[in-house]
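The values are calculated or read from the model by the stated rules, or taken from the named source; none is laboratory data. None of the values given here were measured: they were computed from a predicted structure. Note: ideal-geometry Cβ built from the backbone for every residue, glycine included; neighbour counts use all protein chains shown. Heads up: the accessible areas ignore ligands, DNA and RNA and are worked out on the full protein's heavy atoms, side chains in. Shrake-Rupley method; radii C 1.70, N 1.55, O 1.52, S 1.80 Å.
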Amino acid sequence: MGKQRIRSEHAARAREFDAFVAGAAGRLLHVATLLTAETRARNPYARALLAAALAHTYAVRDRGHDEDPYALTRDGLALRFARTARRHRAGRGGVLGLLTPRERLVLVLRLYEDVPEEQTAALLGLPEARVRAVCARAVARVRKGAAA
């Protein structure tokens, strides 16, 4: 009886996760594409980042953590990008390609995802003043690039 109950619980968690992915994958892929500054049509690095972040979220949730899966995946995506960003310094598309990886990361988290400044700072291990400065510089560079 115990094994069947455990299998049933695992199946229910898998269905719940599948529903989450079906609803959030599009937005999360867009976040990953913005981070990598790839184009929508060609974004293999963004897709790989998202797949790794989703796998981590699934594994953590399977261990009984009941955190918000969207926030957990988004944060995992941001941290994975931050660790591997030096491989992809130059973006391949749009105005965000003009920014450094750190500028893209802060800009996407703060302005696109609306993550509070203190939460962004804590996630990235930066002082809040540094997050403010990076965000302001990124916005100025985007405005300058869009005007050109």
From Arg5, Arg47, Arg42, residue being touching a helix residue (DSSP H, G or I) at 6+ places or on another chain (Cβ under 9 Å) and at negative phi: Arg47
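Which one is farthest from Val31 (Cα to Cα) among residues in segment 113-137 that are assigned to a loop (DSSP other than H, G, I, E, B) and open to solvent by 80 Å² or more (accessible area, probe 1.4 Å)? Break it down into steps so the answer makes sense when it comes.
Start the filter on segment 113-137 by keeping residues that are assigned to a loop (DSSP other than H, G, I, E, B), which leaves 113-116, 125-127.
With open to solvent by 80 Å² or more (accessible area, probe 1.4 Å) added as a condition, the list becomes 114, 127.
Details: Asp114: 12, Pro127: 23 Å.
Among residues in segment 113-137 that are assigned to a loop (DSSP other than H, G, I, E, B) and open to solvent by 80 Å² or more (accessible area, probe 1.4 Å), the one farthest from Val31 (Cα to Cα) is Pro127.
Residue under question is Leu109, and the condition is that it be open to solvent by less than 50 Å² (accessible area, probe 1.4 Å), in contact with a Gly (Cβ under 8 Å, 6 or more places away or on another chain) and not basic (Lys, Arg); does it hold? Let's see the steps before the verdict.
Working: open to solvent by less than 50 Å² (accessible area, probe 1.4 Å): yes; in contact with a Gly (Cβ under 8 Å, 6 or more places away or on another chain): no; not basic (Lys, Arg): yes.
Considered against the rule, which asks whether it is open to solvent by less than 50 Å² (accessible area, probe 1.4 Å), in contact with a Gly (Cβ under 8 Å, 6 or more places away or on another chain) and not basic (Lys, Arg), Leu109 comes out as no.
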Residue match in segment 62-72 (condition: at pLDDT 95 or above and touching an Asp or Glu at 6+ places or on another chain (Cβ under 9 Å)): no
Unmet requirement for Ala140, which otherwise passes all of (1) in a helix (DSSP H, G or I); (2) open to solvent by less than 40 Å² (accessible area, probe 1.4 Å): (2)
Enumeration of residues in segment 14-51 that are of a type in the set (D, E, K, R) and either closer than 21 Å to Gly97 by Cα or touching a Phe, Trp or Tyr at 6+ places or on another chain (Cβ under 7 Å) (or both): Arg27, Glu38, Arg40, Arg42, Arg47
Subset of segment 1-24 that is touching a residue at least 24 places away in the same chain (Cβ under 8 Å) and hydrophobic (A, V, I, L, M, F, W, C) - its residue that is farthest from Val60 (Cα to Cα): Ala24
Neighbours by Cβ (under 6 Å, 6+ apart or cross-chain): first from segment 25-40, free of Cβ contacts under 8 Å to residues at least 40 places away in the same chain; second of a type outside the set (A, V, I, L, M) and outside any helix (DSSP H, G or I): Thr33/Asn43
Single residue of Val134, Val115 found to be farther than 22 Å from Tyr70 by Cα, touching an Asp or Glu at 6+ places or on another chain (Cβ under 9 Å) and among the hydrophobic types (A, V, I, L, M, F, W, C): Val134
